[in-house]
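Reading through the structure tokens given below for one structure.
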Amino acid sequence: MPSPRTVRRVRTALLILVIGVSASIAFTFLRSRSAVTATPEPSPPPEGPTSARADRFEYKSFKGDKEGFILRALQMVGQEQEDVHLKGVDLSFTYVAKGQPAKGRIVADEALINPTQQKGNFQGHVVVTTEDGLELHTESLLYRGDKQLAKSDVPVQFKRKDVSGTSTGMIYEAQEGRLELLADVTLRIQDEGNPPTDIKADHALLVRPEGNMRFEGNVKLTRPGDVLTADRFEVDFGSDQTIYRARAIENVVLDSVSGDLPGTAPVPGGTGPRHLTCRKLDLWLRPDRSLEQAVAAPDGDLTMLPGPKDPPEKRRLQARALTFRFDEQGHLYELEGQKDSAFDTDPIPPAKGVPRRLRCQSFLARMNPTTGDIKDVEFRREVVFEQAPQKATAENASYDGASAVLTLRQGPEMINDEEGSRLRAGAIDVNTRTNDMTARRDVHHVLKRKGDGQGLLMGGTEPALITSTLMEYTDSTKTARYLQNALLRSGKDEIRAPDIRLQQNGAEGKWRLEASGGVVSFLHPRRDVAKDAKEGGATPKATPSPARDTAAVEGRSKEMTYSEEGQEAVYRGEVVIRQGDIVTRSPEATLNFTSDGAGIQKLVAGEPVDVLQGERRASGARGTYTPQSETMTLVGPKVVLKDPTQEVEGRTVTFHVNDDR
């Protein structure tokens with residue numbers, strides 16, 4: 001966006017053009033009724049024959065005792081009726097500008113003057129000057145007072161203070177307040193201490209009653225480092241000549257290196273070149289002439305390239321309407337995108353990186369006016385963020401600049417195809433600096449390992465589903481923590497606890513699970529290793545038959561840890577393990593799984609451990625149950641086994657769970 005200095009410079013330049021070209025030229029010697037002191041009916045010209053000649057010709061016009069204009073010439077070389085042919089013409093006139101009297105002058109090589117009809121045709125080195133600094137040069141200037149018309153069909157050059165320009169031909173109609181620069185229009189604004197601004201166009205038109213000036217056809221505004229092109233450029237001003245609006249229309253293209261022109265600074269995204277396109281760029285000014293708002297619409301499209309210290313990436317912002325709002329110091333404080341908004345970031349080769357995409361119906365970004373840093377952003381309707389392999393969607397979202405947290409609301413969902421993750425919740429917070437994440441209310445997280453690899457726990461290739469009230473994810477440790485009524489389900493397996501932590505480790509992303517606060521688990525072995533042993537199945541089968549399914553293993557404890565790498569689940573604190581009619585009670589118990597995770601190799605419980613199976617009771621320091629041999633072995637200084645038929649005591653006791661041995 002433009003700096004206040006640049007806005008004032010462009011605004012002042014256009015204002016000078018309006019006043020300098022129209023008022024200072026037209027309203028001086030062309031007798032504009034609104035700006036020039038009325039001139040009385042002139043006296044008749046000196047009598048003489050058609051071929052009358054005279055040196056040092058002088059003609060004066062008065063209103064009362066006040067002088068209106070003085071026409072002097074080195075020679076009067078002829079006269080036809082009331083037309084006087086003069087050479088070495090010098091016309092001095094008075095006029096009123098802004099309520100104050102002023103003087104002006106026209107000189108030319110020759111002129112054909114009809115004072116009665118107020119006609120004048122000035123030819124050859126025509127120069128118009130005024131007290132307020134206007135200087136106009138042309139080879140031909142036609143004045144028709146009866147029609148309040150001034151016209152030139154040849155090139156015109158003009159200059160007034162810091163403004164200069166040229167045009168091929170001009171027409172001024174005083175009665176209509178209409179000034180037209182016919183072709184090849186150029187305008188230069190050169191403020192003291194600032195670089196020049198140039199305007200070029202095929203045609204220009206000022207209509208004072210409408211308060212409008214427009215440049216048309218191949219319009220180009222240029223200053224060092226900045227170029228604006230458009231089919232038309234229009235300026236609106238009030239009765240006090242103050243410009244309140246300017247707009248570039250159709251095929252608008254703005255390229256900026258300086259970042260001082262509308263729509264280019266300080267939009268977040270780097271300090272490099274900016275490229276803005278739209279169908280119309282609309283600029284609104286405050287009464288104090290500071291820029292208040294700039295609107296690029298429809299089809300606003302801003303491309304931002306990196307500066308020397310910026311990341312090597314290209315950023316592109318699009319919307320049906322892009323609105324830039326400025327404070328009274330000229331700083332951007334608000335940026336709004338309306339309808340079909342999009343923001344894309346792409347790495348610039350040879351830099352490597354992942355493209356980022358944002359889509360929504362509209363957004364509103366608020367900036368710190370002094371630093372240009374983002375304070376917050378609101379994204380509304382159909383929000384989509386993409387950064388492969390991640391994708392996030394929500395109906396609405398917001399971003400807080402201080403914390404760098406993006407909050408997704410109303411049906412948010414985050415998908416990571418690479419990690420096989422799909423997360424839904426009432427609201428999801430994402431820290432864009434750390435990639436940490438928090439999901440709140442009705443958390444629903446699906447995890448599926450890529451390909452046909454083993455899933456979580458004993459669920460095989462089935463995806464894992466975790467639900468809770470709250471989820472906290474720490475990216476640096478790849479750890480997700482599920483709080484308040486957490487439930488993990490993988491296939492038929494299930495773990496419930498107030499607090500479940502799930503972490504992926506290593507290149508293969510092996511799972512580690514920690515549950516605490518009172519854990520209940522249900523594990524369903526997909527192979528009965530005891531039947532495998534009886535049938536000689538030494539090698540685990542990849543796809544066990546349903547016939548080999550065995551009873552679920554229920555575990556209860558204060559804490560539980562599962563390690564996929566070690567293929568074990570460790571329970572701690574008042575542990576109760578139940579499978580079928582076998583129950584163990586101990587401070588700690590460990591389940592060791594087969595290498596494919598489909599069956600249980602052994603259960604180790606202790607120390608101490610109590611074992612119950614129907615009417616059979618046993619206790620010892622440690623107990624080991626081996627499904628393959630269907631035996632329970634207890635060891636310790638004193639191992640006791642009781643059943644209705646016997647009582648055995650020793651340091652090691654082994655019994656078979658499927659018979660009385």
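The values are calculated or read from the model by the stated rules, or taken from the named source; none is laboratory data. If you're wondering where the values come from, they're calculated on a predicted model, not measured in any experiment. Neighbour counts are summed over all protein chains in view; Cβ atoms, including those assigned to glycine, are modelled from backbone coordinates with ideal geometry.
Considering only residues of region 387-442 that are assigned to a loop (DSSP other than H, G, I, E, B) and among the polar types (S, T, N, Q), which is nearest to Asp346 (Cα to Cα)? Going through the qualifying residues, I end up with Thr432.
Cβ separations smaller than 6 Å between residues 6+ apart or across chains give the following pairs from region 365-377 residues that are within 13 Å of Ser403 (Cβ to Cβ) to residues that are among the charged types (D, E, K, R): Lys375/Arg366; Asp376/Arg366; Asp376/Asp400. Against the condition over 30 Å from Glu250 (Cβ atoms), in contact with a Leu (Cβ under 7 Å, 6 or more places away or on another chain) and surrounded by 18 or more Cβ atoms within 10 Å (Cβ to Cβ), how does Tyr143 come out, does it pass? Considered against the rule, which asks whether it is over 30 Å from Glu250 (Cβ atoms), in contact with a Leu (Cβ under 7 Å, 6 or more places away or on another chain) and surrounded by 18 or more Cβ atoms within 10 Å (Cβ to Cβ), Tyr143 comes out as yes.
With the structure loaded, tell me whether Ala427 is aliphatic (A, V, I, L, M), surrounded by fewer than 21 Cβ atoms within 10 Å (Cβ to Cβ) and modelled with pLDDT of 90 or more or whether it fails that test. So Ala427 fits the description; yes. Close contacts from region 135-148, counting a first residue that is touching a residue at least 24 places away in the same chain (Cβ under 8 Å) and a second that is outside any strand (DSSP E or B) and surrounded by fewer than 22 Cβ atoms within 10 Å (Cβ to Cβ), with Cβ to Cβ under 6 Å and a gap of 6+ residues or different chains, come to Gly145/Gln118; Asp146/Gln117; Asp146/Gln118; Gln148/Gln175. Just so you know, in region 189-204 the residues that are in a loop (DSSP other than H, G, I, E, B) and charged (D, E, K, R) include one that is modelled with the highest pLDDT, and it is Asp202. The set of residues in region 610-631 being out of contact with any Ser or Thr (no Cβ under 7 Å at 6 or more places or on another chain), closer than 14 Å to Thr584 by Cβ and either part of a strand (DSSP E or B) or hydroxyl-bearing (Ser, Thr, Tyr) (or both) consists of Leu612, Gln613, Arg616, Arg617, Ala618, Ser619, Gly620, Ala621, Arg622, Tyr625, Thr626. Within region 573-596, identify whether any single residue is at pLDDT below 95, crowded, with 17+ Cβ neighbours inside 10 Å and touching a helix residue (DSSP H, G or I) at 6+ places or on another chain (Cβ under 9 Å), and answer yes or no. Checking region 573-596: at least one residue is at pLDDT below 95, crowded, with 17+ Cβ neighbours inside 10 Å and touching a helix residue (DSSP H, G or I) at 6+ places or on another chain (Cβ under 9 Å). Would you please name the residue that is farthest from the chain's Cα centre (by Cα), looking only at residues in region 165-205 that are surrounded by 20 or more Cβ atoms within 10 Å (Cβ to Cβ) and among the small types (Gly, Ala, Ser)? Within region 165-205, the match that is farthest from the chain's Cα centre (by Cα) is Ala174. Checking the structure you have, find out if any residue of region 175-188 is closer than 25 Å to Glu292 by Cα, small (Gly, Ala, Ser) and not in a strand (DSSP E or B). No, region 175-188 contains no residue that is closer than 25 Å to Glu292 by Cα, small (Gly, Ala, Ser) and not in a strand (DSSP E or B).
With the requirement that a residue be acidic (Asp, Glu), closer than 23 Å to Asp436 by Cα and either touching a Leu at 6+ places or on another chain (Cβ under 7 Å) or touching a residue at least 60 places away in the same chain (Cβ under 8 Å) (or both), what does region 473-503 give you? Scanning region 473-503 gives a single hit, Asp499. Is there a residue in region 637-657 that is surrounded by 15 or more Cβ atoms within 10 Å (Cβ to Cβ), touching a residue at least 40 places away in the same chain (Cβ under 8 Å) and not in a loop (DSSP other than H, G, I, E, B)? No: zero hits. Here Gln361 meets the list (1) over 13 Å from the mean Cα position of the chain (by Cα); (2) modelled with pLDDT of 95 or more almost entirely, failing just condition (1). Only strands (runs of 3 or more DSSP E) wholly contained in region 280-340 count here; list those with 3 or more residues that are basic (Lys, Arg). Where strands (runs of 3 or more DSSP E) fall fully within region 280-340 and carry at least 3 residues being basic (Lys, Arg), they are 313-319. Across region 393-407, the qualifying residues are those that are over 14 Å from Asp436 (Cα atoms) and touching a residue at least 24 places away in the same chain (Cβ under 8 Å), and the one among them that is surrounded by the fewest Cβ atoms within 10 Å (Cβ to Cβ) is Ala402.
Considering (1) crowded, with 20+ Cβ neighbours inside 10 Å; (2) at pLDDT 90 or above; (3) of a type outside the set (S, T, N, Q), the lone condition that Ala297 does not fulfil carries the number (1).
Residues of region 149-172 being of a type in the set (Gly, Ala, Ser) and touching a residue at least 40 places away in the same chain (Cβ under 8 Å), which ones?
Ala150, Gly165
State whether the residues of region 461-477 include one that is part of a loop (DSSP other than H, G, I, E, B) and either buried (at least 19 other Cβ atoms within 10 Å of the Cβ) or among the basic types (Lys, Arg) (or both).
No: zero hits.
Note on region 100-131: among residues that are surrounded by fewer than 19 Cβ atoms within 10 Å (Cβ to Cβ) and among the acidic types (Asp, Glu), the one that is nearest to Gln79 (Cα to Cα) is Asp109. No other residue among Arg433, Arg449 is out of contact with any strand residue (DSSP E or B) (no Cβ under 8 Å at 6 or more places or on another chain) and touching a residue at least 60 places away in the same chain (Cβ under 8 Å) apart from Arg449. Every test in (1) under 60 Å from the mean Cα position of the chain (by Cα); (2) buried (at least 22 other Cβ atoms within 10 Å of the Cβ); (3) at pLDDT 75 or above is passed by Thr94 save one, and that test is (2).
When the residues of region 602-629 are filtered to those that are touching a residue at least 60 places away in the same chain (Cβ under 8 Å) and buried (at least 17 other Cβ atoms within 10 Å of the Cβ), the one that is farthest from Phe522 (Cα to Cα) is Gln628.
Within region 208-250, which residues are at negative phi, part of a loop (DSSP other than H, G, I, E, B) and without any contact (Cβ under 8 Å) to a residue 40 or more places away in the chain? Passing the criteria: Pro209, Glu210, Pro224, Gly238, Ser239, Asp240.
Would region 585-608 turn up any residue that is in a strand (DSSP E or B) and among the hydroxyl-bearing types (Ser, Thr, Tyr)? Looking through region 585-608, at least one residue is in a strand (DSSP E or B) and among the hydroxyl-bearing types (Ser, Thr, Tyr). Looking only at residues in region 483-493 that are within 17 Å of Lys448 (Cβ to Cβ) and buried (at least 18 other Cβ atoms within 10 Å of the Cβ), the one that is modelled with the lowest pLDDT is Gly491. Selection over region 381-392 of residues that are surrounded by fewer than 18 Cβ atoms within 10 Å (Cβ to Cβ) and at pLDDT below 95 gives a count of 5. Here Leu457 meets the list (1) at pLDDT below 95; (2) in a strand (DSSP E or B) almost entirely, failing just condition (2).
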